[in-house]
Structures are given as C-alpha cells and as structure tokens.
Amino acid sequence: MERGGEGDQSSDEEEGGVQAAAQNTQQNELEDGEKVAAPAANPLSTPTEAQRERGTLSNGAQENCEEAGVSMSRDLMLKSQAGAFDPEKYDKSASPSSLLGTCDPSISSSSSTSCSFSHHDMVLSCSSSSSHSSGLSLSPPLPSTVELSAVLTDTRLTLDVYPGGAGALPLLWGSIPAELRGIQYLRLGSEDRSGLDGALNVLSNLTELRSLAIRGHRLYDSKGTPLPGLLTTLPSSVSSLTHLVHLDLSFNQLSCLPPCLLSLPLLSSLLLCHNFISALPPEMCQLSSLTYLSLLGNMLESLPPSLGQLKTLQELDVSHNLLQNLPEETGGLSELVKLDLSHNKLKQLPESMGSLCSLRELVIYSNHLRMVPSCLNKLPQLKIDARDNPLGKPPTPPPLPPTLGPSVTEMPELHLGFNQHSFWVTPAGCHVFLPGGAELVFPCRCLPTTTRLSWAEKRPNRKWVWLEEHDLLLSRPLELRPHGVEFLKPVEVCVPYHRRKRREVVVQRFDGELWSTLPTDLRRGSQNNCCHPGGHPVRLACCSVRSFSWFMAVGRPVLDTCSVTPAETLLVSSADPGIKLHFPPDSTAQTRSVTLQVLQVSESTVQTLCGDPQARVSPLLCLSQNPCLHFLQPVKVQIPLPSGLTGHTMDLSRLHLLHGDPAAQTWTDITSQVSLYVTHLYAIFYITHFSWYWLWYTTQRCVSGVVRKVYQRLKQFKVQFLVLQRRTDPSQVLLQCLPTNKVESRVKFLSEQYDGPQPSDLCDLLEGEQFFAGFERGLDISTDSPDCVSGRLCFVFYSSLKNLKEVYICPVQGQTGPVRGQVSFYRGDIPSNLPEEVARKRKGLDSQWLATLPLRLPALNSDNSFILDEQQYPPLNLGDPESGYLTEANLLSISLQIGQDWRVIGINLGLSYQELERIEYKHSKNLGALVLHVLFHWAHRQKSAGPGAVSRLTAAMIESGRRDLAEEIEDIVNIGRRKYSESLRRVGLEAEELLEITSAANTN
C-alpha cells in the first residue's frame, strides 16, 4: 500500500477529484480581483510532522485529480454569466491518511473531534470584516471564540468549517438580515440535521446568491472518517435564487434531482457527486445555461434523451455509475469538450458521437466495450482513454443451462491484480483475494447496496506503527477503505503473516489514534491464491470487523486475560498450564481486568549471555491489571521450576525471584521480601501488586545486574549486513539487513546475479530500530530520495520483513580511476549538536557505528558506463535543474516496487507489444531485471523526445493505477528542485533573476 506507499488509487482519485472540484469554490475572490483568505482549518486538526512532510504530495495528488477531469475547469467558469465566482486554488491542508505515508486529497482540513477553537486561527484577512458587528454572539451553534468577522466578509459567508455551522444561518438572518440579503457566496455543511433544516428555510431570502455549496464530507469524526451529508432534497423556494450560477450538493443523500433546480435560468455549474441519484428527469433540457455537470459516483443506469439539448454544456462527468448505454441524442451536445464515462457498464457507444466536433477528451476506461465506433476517428483532436475494456475480444458465450441436482449457492470469488486497488461488492456478498495472499470475505447482505471499496499495502512507519515491549511486526499494514462504512454483518479480514515460533499471532487495528487487538483466528489461505505458483498457501490471521481501517499482524507472547471479582478466581496460562494465578476471596473490592503474558526464554541463550553454564530460568511472567491498584489479599502465583531442577535436589540459596519494572527497565532481587517456597516441580510465591517476575537459578552473585544485561540482550536481534554489487553493472548496489539465521540462504539465492564481500560481523538491533548506511572513501549515492538523509540511506529494521534497498553509486566529484571505498552502517539519527556541513561529511567511526564493508567501483571503461561527463549525475538524467532530475538510481528504486504491473506500465509508457515480448523473453527468469529493462529502454528513448519525460512517467503511473509511485516520483523531483534553488542562493542568483536573464537573452 511492501509497495511503498502503495496507495489506494481509484477511491482516492474518485473522491479526491470531487473534493478538488468543490474546493474550487472556497477561494474567496471578489469581482474586482481582491482575494480574501478562506477560514483557517480546525486548530485541533493541525497536521502532524508526518503530514507536513507529505504536504507536497497531497497538493500533487489534488493536481492529478484535476488532470483526470474531475475538478472544475476555470475557463468554463469564466465563460458563465457576468459576476460569477472564480474557482480557488487547492486547499493545502494535510490528510489524516498521511499517518501511513500516503496522502489523500479527498480529506479537507476541518475536523469534528472537538469543540475547542483558537480565535487567531479563524480570523479572515479582509479589510472590510471590521464593518460587521463584533458584539453578535454566534455561540451556540458556533464555538464561543468565533466572531462574526471569521465567517462573514462582504458578500461571502462560510459556515462549513464548524460542527453545526449551518445552524448559524437562521441566527444571522434574525440579527442582521440587511447584510445577509447581499450575500453572493454561501458555503454550508450538511452533516447536522437540525442546523441544515433551519438554514434551508432561510435560503429563499438570499436572492443575490451566485454560488451555493451544501456538501457533506466537510467534517470528520474521531477516527478521521468524513461525516456524510444528510441533505435529501431542496425546498421549492430555492427556485427564487435566479442569480445562482454555481451549485454544489456533493456527498449527500439525494435520490433524484430537486425539481426547483430546473427553474434556475443562469445555473452554469452543477455538482451532484456521490449521491444516490438513479435517474434524471426528462426536463433536464430546461437548464439551458449549464456548462459543467458532474454526476460522479451515483447510481444512474441511463441518461434521458433531453440531455442532448444542453447546447452550452462543455464538460460532463457521469463516471462511477451503472450506465449500460447512452442515448443517440448525446451527439447533440455540440459544445462538449470533455466526456467522462469511466467505471460504468457500457457495452457500446452511439454512432451519433461522431458529430461532437468540439470534443477533445473522451474517458471510457473500465467499461465492457469490445469496440470503439469508427465515427470517432473523424475527430482528429480527440484523445481517448480506453483502458480496461475487452476491446477486440469475442463476446462472452451464454451460460450453460443449470445442471440437475441439489442447488448449492457458492459465494462469488474476485481475484484482484496488483494494479487493481478498488472493487465493487454487491449485496449478494463476495470472497475477495488480494495480491500477496490477503483475503476479504463479505457475507450475503452485509451491504444494503452495491458499494465500491479499495485496499492498499502501506510501508511500516515507526512513527505510527507502535509495538509493545515484546511484539514483532509480522506483516505490512493493510489499509481498507472507506473507513466510515458500517457493514450490516461482520466482514472477515485475513492478513498474511510470516510465521514466528512460540508466539501468539493477533491482528491489530488502527483507528487513526491508537492500535487495538482484535479476536484472531489462524488458518491457511486458498490454494488458488498462493504467492508463488505451486507453493504452499499463505498463513492468514483472520478477524471479523464491522468497518474498515488499517490492519496488521503482530506476534506477541501468549496472552491470557480474565475478570477478577470479589469472589475466588483462578487464571491458568494457555501457553503453559503449569503457570497459575489464584485470587482468593475478597482480594478486590471491585471487578478488575487481569492480563497474563508468558515469554519463553532459551536457557542456552541465557547461559551464553551471563557466562554461567549452570544458569537456569523459568518463563518470564508479565502481569498487568486495570485498574492498577494493590490487591486487598495476597495473590498466589505458581510457576514451573527451571528445567532440569526439582525441589528435592536444587540448592535453594541459588534460587532468585526477580521483580522487573517495565517503565524504568530495572530488575530487583526480591527473594527475601516475598513468601517463596518450592514443591517438587513448582515454585510458589505471593504478591499484592502486578509487574514482571522472573525466576532464576544461578551461581552469579550480583543477580540484578546480570538479569538486567541479559534481558536487554534478549530484546535484540543478531543481524548481519549484506553489501552486494550486480555482476553485470557494479554501480548497482544491494543493501540488506537480516537476522543471522536467514543470511546464508539469502546469499545463496543472490549469488547468481550479485557479487560482493562476505556478510558483516554480528550486530545487535531492536525490532523497529532505525539505522543508516553511508557510502565512504570516494563513493557516493547517485540519487535524491526521501529516505536519504544527509548523505545516509535510512532503514527501519523489522525481523520478519525485508530490510532491502538497491541504489546506484558513483565516485565523488573529482575522483578518477578505480575507487576502493566502503559502506558503513550507523544507528539512529546523526547527532543533532553537529553543524549541518560537518554532519553531512561525517564518515568516521563513532558511538553509533555498527559495521563497515568494502566496496570497489571499477575504473571508467571504454563506453563510459559508470561515470558521467558531469560527476554530479549518473549516465541517465530525465528532467532539468529547474524542475528536478530523475536519475538511474531513482528508476531502480521505482522498479523494485512495480512487480507484476510492468506490462501495463510499459504499454502506457508507449512501448509496443513486440518490445515488451522481446524484453520478457530476455529476462524470463528474472522479474527485477525485466522491470528495470522496461524503464531503462523507455528512458533512453526520451533523450530525443524533448522535455516533459518526468511528467510522462508520472502520467503513465497514474493511468496504470499506481498513484503511489507517481507521488514518490513527485517527491523525488521536488527534492532535486529544492537543491537547485539552494545552489542558486549560494551563488547569489535567485530563480526570478535567472528567469529575467533567460528572457532577456531570448529577446536579444
């Protein structure tokens, strides 16, 4: 969603486009050109650090949605009636989805998590705002700190950024009706029923309105899920708004077109996205001024013939509906410039479309079209997007007659490809198989209507993937959307995981704030959904949920829990029945929840770590309770004696009971402070408060210190680092960190294609620990990447996941001949107390050093394959300094995430089927080399194709359903652009000055 950032493209594109179109109405631009700032976002929705880091990506995603044809055209709006509003630039607020590393342009900057607001965040930058009365109180429904000037500026009233904000309109009308009569731009949220009803009653009095937005999805609940709009219709009095030019009713519950809209003579822009409209009225032709109509995401099965009489219509979006055919009258839309019919059920297009002489863009992907009418070939300027259609394929044969015998209803199965990130589920239910082994089981009638859902795998980010003390991450986080959909029946979510012995596997769910553990069942996946042909079915951790969110599989020590009442209670460990907790009567005055975890520890490991060959240990007990209060009566704890010992033969002076403090990470010998006695097989002691307890048998004297050191070492993994070079191209380097028990098999697997030094010596790393790789002694990384910090490549270690990156290297500037360099690995962040220029060059051994491996880069060969004429960049550069470079190393990083999507990406990049078949034959047994060859083959052809190579690559990724890679490319290019600007400032030449010099040179 590990495709990095693997994004949920289709649903984001669908909803994000509507958000972008609607946000065009938010820019407060007066008729005379004076711009007024829009109200600030809810201060409680302040973006996190991760969101700020992804802000650029969020803006890029919005622009992509606009290119897809979902957002409103500014030119179309300027052609509307005089005095109509101008669309705004996009809102740059961050999305709650930026916690996963992926941005969602569909989420606006308001939130409904609190009623507390800061006044300074809500003040509007408008000089005329002081003319309104500051003494009028808007609380309730608005927060007490919000003044009138924050919502009302001249002819503009904004009430959609506060919970219940629509309820303020009747209050304002009763207090300052004269000022409201001149309102021309009004924005209302539709998430509050009572406030919405009151506002609708006032609308007919605002006869000067030119732009009106009554939308859902403007506010969010505590989980970051947008709240749906509650608007079902409009009152007939809205027909009195005769000056209305723009109307947005998206994300509501409209089942039909409100009849009053047909009486608006100047209406030129109408947005009805994401409603429940199943049919349009025959009187649609009365909207004679309409230039833009969006019905994205409804339930339309057909369009009325009268739609062809809208002679001024320039853009029509009916994507994501249920259309099966178009009326012949569609050819009458003489001014139509763009028509979006994607994601419908169209089987053919009418021949009359050949008369659409103004049509420039036709989007028909994801339909059932087997041919495109030849009449469209008469339109030479028409651009057609016909992806995901069975073009040229024979008709599907009719189904076979039903066989005799008892009828058995089987659940439909849906197998998705790597580039299929969205799917439809009907009320009949479905069994969905995701790439990589994950499965979703939707029972019959779990959804009331056919619903579009989406999925994405996310990169684990240590900023938000929170693991407990002894937890291990066993899978990449799986995001299922939309988050706010409530299912009528539980839906089974099955996450594939890597096996970990002696641990309990559970599914954890992230609600936007915290991770919680769900009841989990373990089973094998379907034989038809194996990761590798002929391989074993994957292991699945399954849970039942009522709504979608983020899910991941975690391995933890076996956990048992029970409720302790004033009566007598016994808790027995499921991991070891010999471990028991006995709560006597009256041990608690109130019911409390008690948790027992058992961590099995290898005695051989303990003996090695502490240097005592006679040391023995029992399982480590982790006890916790809620509420955290001392028990009124001592609790009896029974634990097995360390293996190989009995109560009759052991030396009791060597037996120690250790108490651990998980917060302070300390261990204390409490043997003399508790009542401890032994039987033949068990040790028994009594406690009144819960914590960690560990029974040791050792000859060591300073037991507490030994146990503390041993425990710290047990949490760490013995790892080794690999640094390998591709045999055919030594400048291509693979870096990987693995637990030592996996290194030998991995090196053997890579030996055919890679060569390099032996793995590093053993090092210690914690689960989720960050480390860096730095190229030293004449070597440098030939890439600008978001995970490259101050010249060091950033990694996060998870023992069950691949910790691998592949980059290109080059000699440092000024270096000639063969280079004998090295790669060093370091812990954590670069020290913050060093100056930036020093930290960037710091390469020597320090307290954070882990390992160093040699690396040799051969000298320059005859075809100049390793070193550029300009040392700063590798042999292939796409782009330019002003817009940013995309290098060979960047293409390598991107190729590692493409996987099975290489063919559709190659087609969208313009490669022929013959070229792709030749490349596939050459690399039939090496998918990585195949993908890299496709990208390089295309990239080398761009040298003669002129500028715009990076934008063409980004567009191809979006068309292939890989918006996550498109966003990563934008991120890389932005880094290069920023470095270029910094270099200009260092020489005293700003970008504006450079532009003036270039323009003057061109003039001369």
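Restricting the search to helices (runs of 4 or more DSSP H) fully inside the range 867-935 and requiring at least 1 residues that are modelled with pLDDT under 80, over 27 Å from the mean Cα position of the chain (by Cα) and within 29 Å of K458 (Cα to Cα) gives an empty result.
Residues in the range 332-347 that are of a type outside the set (A, V, I, L, M, F, W, C) and within 14 Å of N298 (Cβ to Cβ): 5 in all. Report whether or not V372 is under 30 Å from L290 (Cβ atoms), of a type in the set (V, I, T), open to solvent by 30 Å² or more (accessible area, probe 1.4 Å) and modelled with pLDDT of 85 or more. Criteria met by V372. When the range 445-488 is filtered for residues that are among the β-branched types (V, I, T), within 17 Å of the chain's Cα centre (by Cα) and not in a loop (DSSP other than H, G, I, E, B), nothing remains. Restricting L474, L480 to residues that are within 26 Å of R452 (Cβ to Cβ), touching a Phe, Trp or Tyr at 6+ places or on another chain (Cβ under 6 Å) and modelled with pLDDT of 85 or more narrows the list to L480. Against the definition (more than 18 Å from R187 (Cα to Cα) and out of contact with any helix residue (DSSP H, G or I) (no Cβ under 7 Å at 6 or more places or on another chain)), how does I277 come out, yes or no? Against the criterion (more than 18 Å from R187 (Cα to Cα) and out of contact with any helix residue (DSSP H, G or I) (no Cβ under 7 Å at 6 or more places or on another chain)), I277 qualifies. So, in the range 154-181, of the ones that are of a type in the set (V, I, T) and under 37 Å from the mean Cα position of the chain (by Cα), which residue ends up modelled with the highest pLDDT? Only one residue tops the list, namely T158. Would you confirm whether or not the range 237-255 contains a residue that is at pLDDT below 90, surrounded by 23 or more Cβ atoms within 10 Å (Cβ to Cβ) and charged (D, E, K, R)? Scanning the range 237-255, I find no residue that is at pLDDT below 90, surrounded by 23 or more Cβ atoms within 10 Å (Cβ to Cβ) and charged (D, E, K, R), so the answer is no. For R445, the stated conditions do not hold, so it cannot be described as in contact with a helix residue (DSSP H, G or I) (Cβ under 9 Å, 6 or more places away or on another chain) and open to solvent by 50 Å² or more (accessible area, probe 1.4 Å). Taken over the range 596-644, residues that are of a type in the set (S, T, N, Q), out of contact with any Asp or Glu (no Cβ under 9 Å at 6 or more places or on another chain), surrounded by 14 or more Cβ atoms within 10 Å (Cβ to Cβ) and part of a strand (DSSP E or B) amount to 3. With (1) in a strand (DSSP E or B); (2) closer than 25 Å to K715 by Cβ as the list, and S593 as the residue in question, which single condition is left unmet? Result: S593 passes all but (2). Looking only at the range 210-226, decide whether some residue is assigned to a loop (DSSP other than H, G, I, E, B), closer than 29 Å to E513 by Cα, open to solvent by less than 50 Å² (accessible area, probe 1.4 Å) and of a type in the set (V, I, T). Yes - at least one qualifying residue is present in the range 210-226. Filtering P259, P281 for residues that are open to solvent by 20 Å² or more (accessible area, probe 1.4 Å) and either out of contact with any Leu (no Cβ under 7 Å at 6 or more places or on another chain) or acidic (D, E) (or both) leaves a single hit, P259. All conditions but one from (1) open to solvent by less than 30 Å² (accessible area, probe 1.4 Å); (2) out of contact with any Asp or Glu (no Cβ under 6 Å at 6 or more places or on another chain); (3) modelled with pLDDT of 85 or more apply to D586; the one that does not is (1).
Looking only at the range 521-543, decide whether some residue is on the phi < 0 side of the Ramachandran plot, modelled with pLDDT of 85 or more and hydroxyl-bearing (S, T, Y). Checking the range 521-543: not a single residue is on the phi < 0 side of the Ramachandran plot, modelled with pLDDT of 85 or more and hydroxyl-bearing (S, T, Y).
The residue that is surrounded by the fewest Cβ atoms within 10 Å (Cβ to Cβ), counting only those in the range 670-691 that are at pLDDT below 90 and part of a strand (DSSP E or B), is Y677.
The values are calculated or read from the model by the stated rules, or taken from the named source; none is laboratory data. None of these values were measured; they are calculated from a predicted model. Glycine gets a Cβ as well: all are built from the backbone with ideal geometry, and neighbour counts include every protein chain shown. Surface areas here come from the heavy atoms of the whole protein model, side chains and all, with no ligands, DNA or RNA. Shrake-Rupley method; radii C 1.70, N 1.55, O 1.52, S 1.80 Å.
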